[in-house]
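Asker: What follows is a single structure, and I will ask about it in a moment.
The values are calculated or read from the model by the stated rules, or taken from the named source; none is laboratory data. Just so it is clear, the model here is predicted, and its values are computed rather than measured. As a convention, Cβ positions derive from the backbone with ideal geometry for all residues, glycine included, and neighbour counts pool all protein chains shown.
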Amino acid sequence: MGNIPAHQTKGNTGFSTPQDITRRRLLDYLLGTSALATLAAIFYPIVRFMAPPHIVEAMQSSVVAAKVSELLPNSGKIFKFGSKPGLIIRTASGELKAFSAVCTHLDCIVQYRSDTKQIWCACHNGQYNLNGENIGGPPPRPLEQYPVNKRGDDIVVNRS
């Protein structure tokens, strides 16, 4: 090979051989897929963190809210109704009433105030009467009311 320039030797002709093209494509493929896998490994946890989880709530049509013996006249109690709170009230006359305990203004939790005989939201001083109707403050609509039944000593609240 003495007098042949190096650029004219086999494999260095300046043109790619089919073997070089195959290697180059393989390396491009490997680098491309590894870059995509790295990006997926970075962004997938971020997207999963930002998206709220899909929770299937079992629809409960009724729940035992309290015992008759533990709910004194002119008192109330918060209970869990599915994933949301409820409020059971025993009026001064002994009548049982149940409502959603979520304020219709900004979804704060309401409570029963025995001194005023009203349902009260502490967030913005929202007030409801014992029929769940909004009578003061910023709440735009009444509380959702639930039917109440007694089964022995249990107070059972149903969805309507």
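Asker: Picking from 22, 33, 13, which residue would you name as being of a type in the set (S, T, N, Q), part of a helix (DSSP H, G or I) and at pLDDT below 90?
Answerer: Values: 33 fails: at pLDDT below 90; 13 fails: part of a helix (DSSP H, G or I).
Matching residue, one of 22, 33, 13: 22.
Asker: Consider the range 104-151. How many of its residues are in a loop (DSSP other than H, G, I, E, B) and in contact (Cβ under 8 Å) with a residue 12 or more places away in the chain?
Answerer: Applying the first criterion (in a loop (DSSP other than H, G, I, E, B)) to the range 104-151 yields 104-108, 114-117, 122-125, 129-133, 137-144, 147.
From what's left, in contact (Cβ under 8 Å) with a residue 12 or more places away in the chain: 104-106, 108, 114, 117, 122-125, 130-132, 137-144, 147.
Selection size over the range 104-151: 22.
Asker: Then there's this: Only one residue in 39, 96, 106, 71 is of a type outside the set (Val, Ile, Thr), at pLDDT 85 or above and over 26 Å from residue 126 (Cβ atoms). Which one? Can you show your working first?
Answerer: Numbers: 96 fails: over 26 Å from residue 126 (Cβ atoms); 106 fails: over 26 Å from residue 126 (Cβ atoms); 71 fails: over 26 Å from residue 126 (Cβ atoms).
The conditions single out 39.
Asker: Then there's this: Looking at 149, 129 in this structure, which one is surrounded by fewer than 13 Cβ atoms within 10 Å (Cβ to Cβ) and modelled with pLDDT of 90 or more? Show your work before the answer.
Answerer: Working: 129 fails: surrounded by fewer than 13 Cβ atoms within 10 Å (Cβ to Cβ).
Only one candidate passes the filter, namely 149.
Asker: Considering only the range 132-141, state which residues are within 19 Å of residue 96 (Cβ to Cβ) and crowded, with 17+ Cβ neighbours inside 10 Å. First the steps, then the outcome.
Answerer: Here is the first cut: in the range 132-141, the ones within 19 Å of residue 96 (Cβ to Cβ) are 132-133.
Listed by number, the list holds a single entry, 132.
Asker: Go through (1) more than 19 Å from residue 158 (Cα to Cα); (2) surrounded by fewer than 14 Cβ atoms within 10 Å (Cβ to Cβ) for residue 95 and report which single condition fails.
Answerer: (1)
Asker: Can you tell which of 101, 65 is within 13 Å of residue 148 (Cβ to Cβ), among the aliphatic types (A, V, I, L, M) and either modelled with pLDDT under 90 or touching a Gly at 6+ places or on another chain (Cβ under 7 Å) (or both)?
Answerer: Step by step, each of 101, 65 is checked, and only 65 is within 13 Å of residue 148 (Cβ to Cβ), among the aliphatic types (A, V, I, L, M) and either modelled with pLDDT under 90 or touching a Gly at 6+ places or on another chain (Cβ under 7 Å) (or both).
Asker: Look through the range 35-68, keep the residues that are among the polar types (S, T, N, Q) and surrounded by 10 or more Cβ atoms within 10 Å (Cβ to Cβ), and return whichever of them is farthest from residue 113 (Cα to Cα).
Answerer: Per the stated criteria, the residue is 38.
Asker: From the list 71, 87, which one is under 23 Å from residue 153 (Cα atoms), under 23 Å from the mean Cα position of the chain (by Cα) and surrounded by 14 or more Cβ atoms within 10 Å (Cβ to Cβ)?
Answerer: The match here is 87.
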